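A.B. asks: Following this message is one structure expressed as structure tokens.
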Amino acid sequence: MAVIIHTKEHGNLKPPASTTGVIGWIRANLCNTWYNSLLSLLIIYLLWQVIPPFADWALINANWISSGAECHKSGGACWSIIHANIRFILFGFYPPPEQWRPLAAMIILFSLLIASRNRNWWSRNLLFVWLAGLIIMGLLMMGGLFGLTSIESDQWGGLPLTLMLSVFGLAAAYPLGVGLALGRQSRLPVIKSLTVIYIEMIRGVPLISLLFMSAIIFPLFLPEGITINKILRAQVAIILFTAAYVAEVVRGGLQAMPRGQYEAADSLGLNYFQTMRLIILPQALKIVIPPTVSVLISAFKDTSLVVIIALYDILKTTQSTLSNPQWMGFSTEAYLFVAMIYFICCYFMSTWSRRLEVELHTGR
Amino acid sequence: MNESPKTEDIEAKPDNAIIKIIDLHKWFGDFHVLKDINLEVKPQERIVVCGPSGSGKSTMIRCINRLEEHQRGQIFVDGVELSNNLKNIEKIREEVGMVFQHFNLFPHLTILENLTLGPIWVKKVPRREADELAMYYLEKVQIAEQAKKFPGQLSGGQQQRVAIARSLCMKPKVMLFDEPTSALDPEMVKEVLDVMISLAHEGMTMIVVTHEMGFAKSVAHRVMFMDEGRIVETNTPDNFFDHPEHERTQLFLSQILH
């Protein structure tokens, strides 16, 4: 009787070489059909046409530190406009000798934001650190104490102004929006109709008109002699506007909650606030992270609309440098620079939100 | 499931019904879902409610902890009347546990957190004590090793056992079960019924809406048949299954017991 012994292992056969590695990837993703191959070739051709000239302009022939006149002579990008005007772009009319103060304030703000990225660090202490940070930032910006010269807020501008309007705007609009969403779901008719009226009215008006109202119409109603800071008024307008949009997004999340969750909370004897805080909102807000972040990102970019009430945010300060005859004509470089700053901030928000989604995913 | 330790302790108790429903009526819009419901449940009594779908059995037990509002009649739980008084509602909900068809666990919390939520926030039990309580009941439903997982990671039968343990953590005087096994795969029904049976043997007062007739036979003191919003027949399990009084009960039984 012949005994056949199998010595070859069949379990570990490798897939054919043509389906793995770089070649496999190219085959699967670029050339899997004849028209995809054609498209791939077309795109490679277009990239070839666009990227080298752009790199030439933006990097190789670029002027980094030069006068405007030199820039005009060479054909490359004139990054010198940023270099020459960086202080005005970043800080606006804040007196140059004092500009270390907004810089320090921004560094504090960024450190706090980065520290708050990690949810494990969220604690009561972090809240106190934030409070302390806010007080120090306010002190740095305003001055008037501890030997710091007092700087009026109409001299504030540039990046600190943009960050201030957006960080406080978003931080205040989010809880307000959640409150409005809960109000809209309320069984009490008065609360419900008030929130519906508020949300629909705010959403029915452009942000620009709200800013105009805050800048021009609102002061008319104040008694004589009382003025409210213009930045604060713009800030409030941004908060009220964004909150209405956040509210509608959150409402979507609330409506996605199954009734069983409310019933289970009720049958345990939890009251309304406990049910919302412990059961409903944690789930509903998680569901709507992607659209919420969209709203917050667009609100961040909309802060640039404060130019129309003559506040010098970073977009306006950048634009202003272009009116200097020496730097006229380099708007591409200037706007690319601002766009990059906006992009970095927005990208930070969107990566963080994606991370949050992953962390909060509990498998269902 | 064959031994039946049923009637012995009930008769001893005097007439101190823990749940008393008098002349209960309820409408959904124009639809009259519950008609003239009268029911008394004594401590430690176990009642199984059955009937065709849409007969109002779920609605009736949901009225008992005010998940549904009734429009006429009175409901008393442990002497407290259910009315619009929020204090009374909260008090009653603390004493009445409920288990749902679809478990309704909180998916964003771990099993342990699901169990400790009620004790900590409603009964103000310190966290450590609540954790111990939760682990005790998780052992009891034989699922303690899953305490750190999330509901989405458990099977249906396990989730339902967690849901039972979650209710027990509130130390309820009455447990309501709303079709606790209807959403389960067949092989998981038994593990849930076993937990309910052992609960019954410990003397828990239970009202169970179910079509598990084996459970009714072995555990119930009384079986109630509802149809079109009325209680058609209430009987001992033996009489209910062997000599049902009403034609409609007979018809129903012939349809579910093949």
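The values are calculated or read from the model by the stated rules, or taken from the named source; none is laboratory data. Because the structure is predicted, anything quoted here is derived from the model rather than measured. Positions of Cβ are backbone-derived with ideal geometry, glycine not excepted, and every protein chain shown enters the neighbour counts. Remember, those area values only see protein heavy atoms, side chains included, never the ligands or the DNA or RNA. Shrake-Rupley method; radii C 1.70, N 1.55, O 1.52, S 1.80 Å.
A.B. asks: If you take the residues of the range B:182-205 that are open to solvent by 10 Å² or more (accessible area, probe 1.4 Å) and of a type in the set (S, T, N, Q), which of them is nearest to residue B:41 (Cα to Cα)?
C.D. replies: Only one residue tops the list, namely B:198.
A.B. asks: Go through the range A:324-364 and give me each residue that's open to solvent by less than 40 Å² (accessible area, probe 1.4 Å) and over 23 Å from the mean Cα position of the chain (by Cα).
C.D. replies: A:327, A:330, A:362, A:363
A.B. asks: Going by what's in this entry, would residue B:11 be described as part of a helix (DSSP H, G or I) and at pLDDT below 90? Walk me through it before giving the result.
C.D. replies: On the way: part of a helix (DSSP H, G or I): no; at pLDDT below 90: yes.
No: the conditions fail for residue B:11.
A.B. asks: Counting just the residues of the range A:337-364 that are under 21 Å from residue A:78 (Cα atoms) and either in contact (Cβ under 8 Å) with a residue 60 or more places away in the chain or in contact with a helix residue (DSSP H, G or I) (Cβ under 7 Å, 6 or more places away or on another chain) (or both), which one comes out farthest from the other protein chains (Cβ to nearest Cβ)?
C.D. replies: By that ranking, first place goes to A:337.
A.B. asks: Taking residue B:196 as the residue in question, decide whether it is under 29 Å from residue B:220 (Cα atoms) and in contact (Cβ under 8 Å) with a residue 24 or more places away in the chain.
C.D. replies: So residue B:196 fits the description; yes.
A.B. asks: Continuing with this model, one more query. Of the residues that sit in the range B:206-258 and are surrounded by 18 or more Cβ atoms within 10 Å (Cβ to Cβ) and acidic (Asp, Glu), which one is nearest to residue B:55 (Cα to Cα)?
C.D. replies: The qualifying residue nearest to residue B:55 (Cα to Cα) is B:227.
A.B. asks: Within the range A:309-320, how many residues turn out to be open to solvent by 50 Å² or more (accessible area, probe 1.4 Å) and either under 14 Å from residue A:241 (Cβ atoms) or not in a helix (DSSP H, G or I) (or both)? Please lay out each step first, then the result.
C.D. replies: Start the filter on the range A:309-320 by keeping residues that are open to solvent by 50 Å² or more (accessible area, probe 1.4 Å), which leaves A:310, A:312, A:315-316, A:319.
Within this subset, residues satisfying the condition of being either under 14 Å from residue A:241 (Cβ atoms) or not in a helix (DSSP H, G or I) (or both) are A:310, A:312.
Within the range A:309-320, residues that are open to solvent by 50 Å² or more (accessible area, probe 1.4 Å) and either under 14 Å from residue A:241 (Cβ atoms) or not in a helix (DSSP H, G or I) (or both) number 2.
A.B. asks: Name the residue, out of A:168, A:128, that is assigned to a helix (DSSP H, G or I), open to solvent by 70 Å² or more (accessible area, probe 1.4 Å), within 24 Å of residue A:316 (Cα to Cα) and modelled with pLDDT of 80 or more.
C.D. replies: Among A:168, A:128, only A:168 is assigned to a helix (DSSP H, G or I), open to solvent by 70 Å² or more (accessible area, probe 1.4 Å), within 24 Å of residue A:316 (Cα to Cα) and modelled with pLDDT of 80 or more.
A.B. asks: Hand me the list of helices (runs of 4 or more DSSP H) wholly inside the range B:33-152 holding 1 or more residues that are more than 14 Å from chain A (Cβ to nearest Cβ), modelled with pLDDT of 90 or more and open to solvent by 60 Å² or more (accessible area, probe 1.4 Å).
C.D. replies: In the range B:33-152, the matching helices (runs of 4 or more DSSP H) lie at B:127-140.
A.B. asks: Could I ask something else about it? Can we say residue B:189 is assigned to a helix (DSSP H, G or I), under 19 Å from the mean Cα position of the chain (by Cα) and more than 12 Å from every other protein chain (Cβ to nearest Cβ)?
C.D. replies: Yes, satisfied.
A.B. asks: Further, regarding this structure: Name every residue in the range A:37-66 that is polar (S, T, N, Q), in contact (Cβ under 8 Å) with a residue 12 or more places away in the chain and open to solvent by less than 40 Å² (accessible area, probe 1.4 Å), in order of residue number. If you could, list the steps in order and put the result at the bottom.
C.D. replies: Applying the first criterion (polar (S, T, N, Q)) to the range A:37-66 yields A:37, A:40, A:49, A:61, A:63, A:66.
Then keep just the ones that are in contact (Cβ under 8 Å) with a residue 12 or more places away in the chain; that gives A:61, A:63, A:66.
Those that are polar (S, T, N, Q), in contact (Cβ under 8 Å) with a residue 12 or more places away in the chain and open to solvent by less than 40 Å² (accessible area, probe 1.4 Å): A:63, A:66.
For every residue, the table says whether it meets (1) free of Cβ contacts under 8 Å to residues at least 60 places away in the same chain; (2) open to solvent by less than 50 Å² (accessible area, probe 1.4 Å); (3) among the acidic types (Asp, Glu).
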position	(1), (2), (3)
A:85	no, yes, no
A:98	yes, yes, yes
A:114	yes, no, no
A:154	no, no, yes
A:160	no, yes, no
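A.B. asks: Examine the range B:166-179 for a residue that is closer than 26 Å to residue A:283 by Cβ, at pLDDT 90 or above, within 11 Å of chain A (Cβ to nearest Cβ) and part of a helix (DSSP H, G or I), and state whether such a residue exists.
C.D. replies: yes
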